[in-house]
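Here's the structure, in structure tokens; my notes come after.
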Amino acid sequence: MAWLTAGMLALSSLALFLRLVLASDEYVQLDKKTIRYWILAIVIGIVTGFLSGTFGIGSTPFIQVGLMLLLGLPMRMAAGTSMLIILPIATAGGAGYFWAGSLDLQLLFTVLIGTMTGSYIGAKLTRRAPQKLLKTGMIVTPIAAACLLVL
């Protein structure tokens, strides 16, 4: 399972690299009024939800890749949107783990305090950070996580 998860993280990093570094910085966002837009949005949801539920990992990198590659959202919009998309995903997945008896509530609340604080600070700093730094972070983070899993 660790190798599969690491592989998925590495693939998401590669897709982000291709989109953020090699592709044009011009975004052609799909029109929200078309059926194609809504079908692609639903497909992104189904695929990333499946990955999240199957591998027990956050699907944020995959959501961001989908939003940027398939829907044409700019990087900052994809990052911000994916942050709120993961809320119901995490709630549903966490409920499943809770009912299965695989949840440490004390640890959950302890880590949650730090994560919420870090997320708030990170979101504030994102507005000030240069695009190049954000792109590098989005690409390097999944690769680093993949390396940690297999080492």
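Read-outs throughout are calculated quantities, based only on the coordinates presented, and are distinct from any laboratory measurement. Keep in mind it's a predicted model, so treat the numbers as computed, not measured. Here Cβ is always computed from backbone atoms with ideal geometry, including for glycine, and neighbour counts include all displayed protein chains.
Tabulated results
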quantity	calculated
Between helix 105-126 and the chain: long-axis angle, C-alpha atoms, 0 to 90°, nearest 10	20 degrees
Helical contribution to [θ] at 222 nm, DSSP H n ≥ 4, -39,500 (n - 2.57), averaged over the chain, rounded to 500	-26000 deg cm²/dmol
Global geometry of region 80-128, whether rounded, prolate or oblate, following the gyration tensor of its Cα atoms and the 1.5 cut on a/c	oblate
Region 2-150 shape via C-alpha gyration tensor axes, a/c threshold 1.5	prolate
Cβ-placed point charges (K, R +1; D, E -1), dipole of the chain about Cα centre in debye, nearest 20	440 debye
Residue (of Ser13, Ala92, Met68) at the positive-pole extreme of the chain, dipole from beta-carbon charges	Met68
Max mean-square fluctuation residue, GNM over the chain, Cα-Cα springs under 10 Å, options Gln64, Gln29, Gln106	Gln106
